[in-house]
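Reading through the structure tokens given below for one structure.
The values are calculated or read from the model by the stated rules, or taken from the named source; none is laboratory data. These numbers come from a predicted model, not from an experiment. Every residue, glycine as well, gets a Cβ built from its backbone with ideal geometry; the counts of neighbours run over all protein chains shown. These accessible areas exclude ligands, DNA and RNA; they are computed on the full protein's heavy atoms, side chains included. Shrake-Rupley method; radii C 1.70, N 1.55, O 1.52, S 1.80 Å.
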Amino acid sequence: MDWFGGLRVLSLESRRSEEMATLIGKYGGVAMVAPSMREQKLDLSAHLTQFEAGLAAGDIHAVACMTGVGSKLFLRDLAALNPQHLETLQRVPMVARGTKPMQALKTFGLTGVSVPKPCTWHEIQDHLIATLAPGQHAVILEYGDATPPAMLHTLKHAGLRVTSIPVYRCAFPADTAPLAHAIRETVLGGQDILLLSSGTQVLHLLKFAARMNLEPELRDAIRRMVVVSIGPACSESAAELGLRIDLEANPHKMGILVRTAAEHGPALLRGRLGKVG
């Protein structure tokens with residue numbers, strides 16, 4: 001199989017950018033990896049104090065862990081204040097949005113319930129409504145961006161009290177030159193396939209294009225490309241931002257993302273561009 005066959009593949013991966021470039025090359029693609037974000041840890045002091053008080057009073061009835069990174073950061077800081085807090089948390093229902101948050105819980109000796117696939121915020125929302133009684137208190141450990149307003153509205157409409165804790169936010173990378181270059185190249189038709197590993201990548205790509213006064217042109221260029229998502233949560237975020245997803249990795253891992261794009265992307269691209277063979 002020719003896999004990518006020399007097609008130009010754009011990834012916005014940050015933490016694992018070198019690994020992503022290697023994978024694209026392994027499958028015969030010409031990689032352009034332009035990090036679109038960096039994780040910016042926030043000051044949790046006030047939130048930790050409030051959380052401690054809730055634990056002591058028995059007023060936390062569920063904790064929703066939205067990402068592995070956010071869960072690890074929060075639990076690490078909580079344990080640093082008092083390791084006994086982790087023992088108390090063993091009596092609090094923990095809800096994980098997929099395997100990475102679940103792994104983070106295990107790292108700290110905690111167990112939880114993983115919501116069913118596709119593991120988006122909708123499944124977290126439905127689980128909390130199904131398992132908590134009106135008046136009970138759920139804490140959401142946020143990831144990158146704020147908890148979706150629709151989720152908060154639905155939970156509060158169901159009578160639940162909700163506290164969202166912003167553990168970290170996703171900022172633009174310290175060096176935005178690669179991202180700017182990737183946007184210009186894409187607008188000029190220099191990329192064939194776009195790989196997306198998170199919804200925040202999409203948001204930052206479009207935001208930075210808007211900063212460059214190139215958002216409409218970038219959207220036009222992406223419509224001509226094959227767009228491949230790592231999973232349902234990422235696909236949902238892209239759809240909310242008006243981007244079409246052509247393929248989705250299953251299982252939702254980076255290696256499968258690249259393989260899926262290499263296996264099916266070239267044929268989709270030929271069909272889109274009206275090419276033969």
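Within segment 198-219, the set of residues being part of a loop (DSSP other than H, G, I, E, B) and either open to solvent by less than 20 Å² (accessible area, probe 1.4 Å) or at pLDDT below 95 (or both) comprises just one member, Ser198. When Gly199, Gly255, Gly274 are checked against the criterion of being over 25 Å from Gly25 (Cβ atoms) and touching a helix residue (DSSP H, G or I) at 6+ places or on another chain (Cβ under 7 Å), a single residue qualifies: Gly199. Looking at His137 and the list (1) in contact (Cβ under 8 Å) with a residue 60 or more places away in the chain; (2) open to solvent by less than 20 Å² (accessible area, probe 1.4 Å); (3) in contact with a Lys or Arg (Cβ under 9 Å, 6 or more places away or on another chain), which single condition is not satisfied? Only one criterion in (1) in contact (Cβ under 8 Å) with a residue 60 or more places away in the chain; (2) open to solvent by less than 20 Å² (accessible area, probe 1.4 Å); (3) in contact with a Lys or Arg (Cβ under 9 Å, 6 or more places away or on another chain) is unmet by His137, namely (2).
Within segment 84-128, if we keep just the residues that are in contact with a Ser or Thr (Cβ under 8 Å, 6 or more places away or on another chain) and exposed (fewer than 15 other Cβ atoms within 10 Å of the Cβ), the residue that is modelled with the lowest pLDDT turns out to be Thr99. Looking at segment 220-231, is at least one residue modelled with pLDDT under 95, buried (at least 19 other Cβ atoms within 10 Å of the Cβ) and closer than 30 Å to Leu55 by Cβ? Within segment 220-231, none of the residues are modelled with pLDDT under 95, buried (at least 19 other Cβ atoms within 10 Å of the Cβ) and closer than 30 Å to Leu55 by Cβ.
Just checking, which of Leu206, Leu214 is of a type outside the set (Ser, Thr, Tyr), within 22 Å of Ser14 (Cβ to Cβ) and within 18 Å of the chain's Cα centre (by Cα)?
Details: Leu214 fails: within 18 Å of the chain's Cα centre (by Cα).
Just one listed residue meets the conditions, Leu206.
Is there a residue in segment 113-131 that is touching a Cys at 6+ places or on another chain (Cβ under 8 Å) and acidic (Asp, Glu)? For segment 113-131, residues touching a Cys at 6+ places or on another chain (Cβ under 8 Å) and acidic (Asp, Glu): absent.
Screening Thr260 against (1) touching a helix residue (DSSP H, G or I) at 6+ places or on another chain (Cβ under 9 Å); (2) surrounded by fewer than 22 Cβ atoms within 10 Å (Cβ to Cβ); (3) assigned to a helix (DSSP H, G or I) leaves a single unmet condition, (1). The set of residues in segment 19-46 being on the phi > 0 side of the Ramachandran plot and of a type in the set (Ser, Thr, Tyr) is empty.
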